[in-house]
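The values are calculated or read from the model by the stated rules, or taken from the named source; none is laboratory data. All figures in this text were calculated on a predicted structure; none of them were measured in a lab. Here the Cβ positions follow ideal geometry from the backbone for every residue, glycine too, while neighbour counts run over all protein chains shown. Just the protein is used for accessible areas: all its heavy atoms, side chains included, with ligands, DNA and RNA removed. Shrake-Rupley method; radii C 1.70, N 1.55, O 1.52, S 1.80 Å.
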Amino acid sequence: MSSEIVVERVGRTRVVTINRPEARNALTREVICGIRDAFFAANRDPDIRCVVLTGAGRHFCAGADLRKNLMADPDMMDHLENYLDEYHAVIKAIVACEKPSVAMLDGCAVGFGADLALVCDLRVATPEAYVQEKFVKIGLMPDGGGTFFLPRLVGTARALQMILLAEKIMGPELQSLGVVARVVPHTELRDATFAIARQIEQGPPLAYREIRRALYASLGSIEDALRREREGQLKLLRSADVIEGVTAWSQKREATFQGK
């Protein structure tokens, strides 16, 4: 497994840490595959009862690392489908994992990083933590299940507000919306998260499995939602608006979108 992913065991909890603090834990292909494989392994291990997903340093995840991904694969735009499939595979792995998952949030959870936080079953955050579906800033849409999970967590109207306006929602407001279970100071974040993990460890794993299965089935099909996001995002990725959005982002200016 890549050094950009650290996997450890604490009691009967598997801890998966995105280890790119210098890049606010932005995602590369190696990181995405590492998270996916860690959840697969946790699901296979009968001694693991819970999975905690977090980021090294003071941030959870800043989303996809566009610069590094393009540097590693200059022809990335020629096979965008493969990239989306790899990113979607990690979302599917987290949903399919029979062990409850907890996102431990500090700093940013932006773009696909926001979707990684939302796909987990529970979330613990600091007051400085924030979730931001920032895709529209570069002419894109959520593509990690954000259009599936966010309206089910906060309601359609608020989800549209958060996505269309790229709102940054801080920890205390996330708690008032019911998105996070606890908000604690940074110095207490790990203890608060592992208190929840220990409670899950001591609970009934068969009941947890059936509860998750029934609850997620009641929400509709995440597979269908990811398929819709895939289709929409592939159209957008090939648009002039996205070229303008990414150019503006790299030049640190506001984009001028033409609807083309």
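With a cut-off of 8 Å between alpha carbons and a minimum separation of six or more residues, what is the relative contact order of the chain in percent? Kindly include the intermediate steps, with their values, before the conclusion.
Values: 474 pairs, mean separation 45.7, N = 260.
Once divided by the residue count of the chain, the mean separation gives 18 percent.
Across the chain, how large is the tail of the calculated P(r) beyond 33 Å, expressed as a percent of all Cα pairs? Walk me through the numbers before you get to the answer.
Details: 4895 of 33670 pairs.
It works out to 15 percent of all Cα pairs.
Relative to the longest principal axis of the C-alpha atoms of the chain, give the angle of the C-alpha long axis of helix 205-219, reported between 0 and 90° and rounded to the nearest 10°.
The angle comes out near 30 degrees.
Angle, helix 222-237 long axis vs. longest principal axis of the chain, Cα atoms, 0 to 90°, nearest 10?
Approximately 30 degrees, to the nearest ten.
Projected area of the stretch 1-100, taken from the Cα convex hull and averaged over every viewing direction, in nm²? Provide the component values of the computation, followed by the final result.
On the way: hull surface 25.4 nm².
Quarter of the Cα hull surface area: 6.3 nm².
Pop a pseudo-label 7 angstrom from the Cα along the beta-carbon direction at both LEU160 and ASN82 and give the gap in nm to one decimal.
Spacing of the two 7 Å Cα→Cβ label points: 3.9 nm.
Rounded to the nearest percent, how much of the accessible area of the stretch 15-120 (1.4 Å probe, protein heavy atoms only) is carbon and sulfur?
Working: 1850 of 3550 Å².
Percent of accessible area from carbon and sulfur atoms in the stretch 15-120: 52.
Using a 10 angstrom cutoff on alpha carbons, build the Gaussian network for the chain and name the most mobile of ALA117, ALA214, ALA42.
So, out of ALA117, ALA214, ALA42, the one fluctuating most is ALA214.
Using Cα atoms only, what is the angle between the long axis of helix 240-250 and the major principal axis of the chain, expressed in degrees (0 to 90) to the nearest 10?
Value to nearest ten degrees: 70.
At 1.4 Å probe size, with the rest of the protein present, what percent of the exposed accessible area of the stretch 185-260 is carbon and sulfur atoms? Before the final figure, lay out each step's value.
On the way: 2820 of 5000 Å².
Roughly 56 percent, rounded to a whole number.
Suppose every Lys and Arg Cβ carries +1 and every Asp and Glu Cβ carries -1, with no other charges. What dipole size does the chain come out with about its Cα centre, to the nearest 20 debye? Let's see the in-between values first.
Details: 34 positive and 34 negative charges, 85 e Å.
Dipole about the Cα centre, nearest 20: 420 debye.
Under 30 Å Cα-Cα from LYS252, which lysines qualify once same-chain neighbours fewer than 8 residues away are excluded?
Those lysines meeting the cut-off are LYS68, LYS134, LYS137, LYS168, LYS235, LYS260.
Which loop GluC sites (Glu not before Pro) in the stretch 184-260, with loop taken from DSSP, have no more than 13 other Cβ atoms within 10 angstrom of their Cβ?
Working: sites: GLU188, GLU201, GLU210, GLU223, GLU229, GLU231, GLU244, GLU254; in loops: GLU254.
Here the GluC sites (Glu not before Pro) that fit, given the DSSP loop and packing criteria, are GLU254.
To check you understand DSSP bridge types, tell me what percent of the beta bridges within the stretch 72-208 (both residues inside) are antiparallel, rounded to 5. The partial results should precede the final answer.
On the way: 2 of 11 bridges.
In the stretch 72-208, approximately 20 percent of DSSP beta bridges are antiparallel ones.
Please calculate how many Å² of accessible area the stretch 113-190 carries per residue, with a 1.4 Å probe and no DNA, RNA or ligand atoms counted.
On the way: 3070 Å² over 78 residues.
Ligands and nucleic acids excluded, the result is 39 Å² per residue.
Counting other C-beta atoms within 10 Å, and keeping those with at most 16, which DSSP coil trypsin sites (Lys or Arg not before Pro) do you find in the stretch 124-170? Please report the intermediate quantities before stating the final value.
On the way: sites: LYS134, LYS137, ARG152, ARG158, LYS168; in loops: LYS134, LYS168.
Passing both the DSSP loop test and the Cβ count: LYS168.
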